[in-house]
1. Counting only C-alpha contacts under 8 Å and six or more residues apart, can you give the relative contact order of the chain as a whole percent?
2. Which angle between 0 and 90 degrees, to the nearest 10, do you get for helix 61-70 versus the longest principal axis of the chain when only C-alpha atoms count?
3. Under a Cβ-only charge scheme (Lys and Arg +1, Asp and Glu -1), can you give me the dipole magnitude of the chain about the Cα centre, in debye to the nearest 20?
4. Suppose R0 equals 22 Å; then what is the FRET efficiency for residue 51 and residue 23 from their Cβ-Cβ distance, rounded to the nearest 0.05?
5. State in Å² the accessible area per residue of the chain; use a 1.4 Å probe, count heavy atoms of protein chains only, and round to the nearest integer.
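The values are calculated or read from the model by the stated rules, or taken from the named source; none is laboratory data. Note that this is a predicted model, so its numbers are computed, not measured. Ideal geometry is used to build each Cβ from the backbone, glycine not excepted, and the neighbour counts take in all protein chains shown. The accessibility values were calculated without ligands, DNA or RNA, using every heavy atom of the protein model including side chains. Shrake-Rupley method; radii C 1.70, N 1.55, O 1.52, S 1.80 Å.
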Amino acid sequence: ASEVQKQWWRLKATHCDCVLFFKIGRFYELYHVDADVGVREAGLVYMKGEQAHAGFPEPAYGKYAEVLLAKGYKVARVEQTETPEANKA
């Protein structure tokens, strides 16, 4: 698993009642069960890869959060605190 996926699992373990919108660069990504919810409930499309994930550009956050909130889901936004370059070090 990538470092991002490990972070997702750690956060999901303590926020299992929320759909996690995980900030990666200028996009929000949803992983695993959250991606399933995003595809099924908000019309997102699965992205290519070994693990289920879906995403959308940063400016669309409000739109997708509102859709899921209106359907009774809790949403948590996970923001980056490091730049991608610093994270590679």
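1. 30
2. The helix 61-70 is inclined about 40 degrees to the chain.
3. Values: 12 positive and 12 negative charges, 17 e Å.
Using only the charged Cβ atoms, the result is roughly 80 debye.
4. Details: r = 18 Å, r/R0 = 0.80.
The calculated FRET efficiency here is 0.80.
5. 64
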